Amino acid sequence: MSNKEWGGTQFLNIVEQYEKEIVYFAQKLGLYDQIGTYFQEGLYGLWEAYNSYDPITGDFSAWAKPKIKYRMTNHLWQNEYRFQKNQLLSNMVQSVKKEVSTIDNSYHWSPIQQKLTVNQWKWLYDQVILRGLMHQAGEEEM
């Protein structure tokens with residue numbers, strides 16, 4: 001059903017008719033800074049509506065507007081989820097780096113060392129402190 005014409009109207013003419021509508025939907029979603037990206041999504045929704053429209057079912061506008069809105073809001077939700085996930089991971093990495101950076105602070109470990117036996121301190125130093133520093137050095141190389 002692609003590349004069809006109804007009543008002599010081609011897709012480019014439909015784009016010209018719905019261009020302002022797509023921009024309006026983007027602004028209504030509060031997407032002033034990223035209108036280009038969401039305009040593309042709106043065009044894709046319009047293209048889907050154009051290819052799946054059957055004139056027998058009724059008015060094209062009633063068919064196209066929900067498809068345009070769906071493409072734009074779906075893209076927004078996907079980006080918002082990705083952003084939140086990346087932000088959470090970034091915060092976790094920063095937290096771990098902060099904790100590991102305090103591991104080599106001798107002032108931090110001195111009171112603990114005084115309360116441990118020599119063998120306990122050797123184990124703690126080897127298993128926690130040195131491994132933490134090696135892990136930190138490995139991450140810095142990446």
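The values are calculated or read from the model by the stated rules, or taken from the named source; none is laboratory data. From a predicted model like this one, the values you see are computed outputs, not experimental measurements. With ideal geometry, Cβ positions are generated from the backbone for all residues, glycine too; neighbour counts draw on all protein chains shown.
With in the same structural domain as Tyr18 (by TED's automatic domain parsing) and at pLDDT below 65 as the only criterion, which of Met92, Met142 stands out? Spell out the reasoning first.
On the way: Met142 fails: in the same structural domain as Tyr18 (by TED's automatic domain parsing).
Residue meeting the stated conditions: Met92.
Which of the following residues is modelled with pLDDT of 85 or more, among the aliphatic types (A, V, I, L, M) and either closer than 18 Å to Val15 by Cβ or within 35 Å of the chain's Cα centre (by Cα) (or both): Ala62, Ala137?
Working: Ala137 fails: modelled with pLDDT of 85 or more.
Ala62 is the lone residue from the list that is modelled with pLDDT of 85 or more, among the aliphatic types (A, V, I, L, M) and either closer than 18 Å to Val15 by Cβ or within 35 Å of the chain's Cα centre (by Cα) (or both).
Could you list, in sequence order, the residues of the range 48-64 that are in a loop (DSSP other than H, G, I, E, B) and of a type outside the set (Ser, Thr, Tyr)? Outline the logic, then answer.
Step one: filter the range 48-64 for residues in a loop (DSSP other than H, G, I, E, B), giving 53-54, 58-59.
Of everything in the range 48-64, those that are in a loop (DSSP other than H, G, I, E, B) and of a type outside the set (Ser, Thr, Tyr) turn out to be Asp54, Gly58, Asp59.
In the range 64-75, which residue that is of a type outside the set (Lys, Arg) and crowded, with 17+ Cβ neighbours inside 10 Å is nearest to Gln27 (Cα to Cα)? Let's see the steps before the verdict.
If we filter the range 64-75 for residues that are of a type outside the set (Lys, Arg), which is where we start, we get 64, 66, 68, 70, 72-75.
Cutting the leftovers down to crowded, with 17+ Cβ neighbours inside 10 Å gives us 64, 68, 72, 75.
Working: Ala64: 18, Ile68: 13, Met72: 11, His75: 14 Å.
Only one residue tops the list, namely Met72.
Looking at the range 9-32, I want the residues that are outside the structural domain of Ala64 (by TED's automatic domain parsing) and closer than 19 Å to Leu76 by Cβ and have a partner that is among the polar types (S, T, N, Q) and outside any helix (DSSP H, G or I) with Cβ atoms under 6 Å, at least 6 apart or on another chain. Which pairs are those?
The qualifying pairs do not exist here.
Kindly provide the set of residues from the range 48-61 that are small (Gly, Ala, Ser) and under 16 Å from Glu19 (Cα atoms), ordered by number. Break it down stepwise before answering.
The initial filter retains those residues of the range 48-61 that are small (Gly, Ala, Ser), namely 49, 52, 58, 61.
Within the range 48-61, Ala49, Ser61 qualify.
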